[in-house]
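The values are calculated or read from the model by the stated rules, or taken from the named source; none is laboratory data. Everything quoted here is computed from the prediction, not taken from an experiment. When we count neighbours, we look across all protein chains shown, and the Cβ atoms used for this are built from the backbone with ideal geometry, even at glycine.
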Amino acid sequence: MKNTVKSGKIAALITGSLFLSACFRVQVIRHVDNPDVYFANLHKQIEQIERENPRRLGRAHDLCLFVYEHGEDQIIKLTIPLWIVNLAIDAGHEAAENDREWRKWKSRYDLDWDVLHDLGQFGPGLLVAVDDEQDKVLIWLK
């Protein structure tokens, strides 16, 4: 009986891992000499999304992250379904609630978990763009 339960847990873990790995996409582009070209193309795509839906109506389903790491000369593109992001935020929130340092950080930066939990409410479009002349980050919803 114990072996059956243990085998069931292992099978569930393997199946869950395979399922989740199929849900998000990661792409790494190495030896990037001019990241501005990549970012300009993405800005055009995001602008098109926002032109088609200027009031950002509807729900977004994916969180997209595009990062250029200057020291590594590489770009990382990540697309994750929002339901996985929400699961991670819930787990982080639950784990952090009992952490005294976290509560200090949360109160200092006035972080509202409820807003973070439902990023899809903002609709498709740009969330964050950072360009410090070396590293670059774009985060958007689609």
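If I filter region 98-120 down to residues being surrounded by fewer than 12 Cβ atoms within 10 Å (Cβ to Cβ) and either within 24 Å of residue 61 (Cβ to Cβ) or among the hydroxyl-bearing types (Ser, Thr, Tyr) (or both), which single residue comes out as modelled with the lowest pLDDT?
114
Out of region 115-142, which residues are among the basic types (Lys, Arg) and part of a loop (DSSP other than H, G, I, E, B)?
Residue satisfying the conditions is 142 alone.
Please determine whether any residue of region 78-97 is in a loop (DSSP other than H, G, I, E, B), over 16 Å from residue 139 (Cβ atoms) and at pLDDT below 85.
Looking through region 78-97, at least one residue is in a loop (DSSP other than H, G, I, E, B), over 16 Å from residue 139 (Cβ atoms) and at pLDDT below 85.
Among the numbered conditions (1) within 29 Å of residue 135 (Cα to Cα); (2) surrounded by 10 or more Cβ atoms within 10 Å (Cβ to Cβ); (3) modelled with pLDDT under 90; (4) over 21 Å from the mean Cα position of the chain (by Cα), tell me where residue 23 comes up short.
Failed condition: (4).
When you go through (1) modelled with pLDDT of 85 or more; (2) surrounded by 14 or more Cβ atoms within 10 Å (Cβ to Cβ) one by one for residue 40, which number turns out not to apply?
Going through the list (1) modelled with pLDDT of 85 or more; (2) surrounded by 14 or more Cβ atoms within 10 Å (Cβ to Cβ), residue 40 breaks only (2).
Condition test on residue 87, is it closer than 16 Å to residue 119 by Cβ and under 15 Å from the mean Cα position of the chain (by Cα)?
Judged against the criteria, residue 87 is a match.
Report, by residue number, each residue of region 37-63 that is aliphatic (A, V, I, L, M) and in contact (Cβ under 8 Å) with a residue 12 or more places away in the chain.
Within region 37-63, 42, 46, 49, 57, 60, 63 qualify.
Considering only region 60-80, state which residues are within 15 Å of residue 127 (Cα to Cα) and surrounded by 14 or more Cβ atoms within 10 Å (Cβ to Cβ).
Narrowing region 60-80 to residues within 15 Å of residue 127 (Cα to Cα): 60-67, 78-80.
Answer for region 60-80, where residues must be within 15 Å of residue 127 (Cα to Cα) and surrounded by 14 or more Cβ atoms within 10 Å (Cβ to Cβ): 60, 62, 63, 64, 65, 66, 67, 78, 79, 80.
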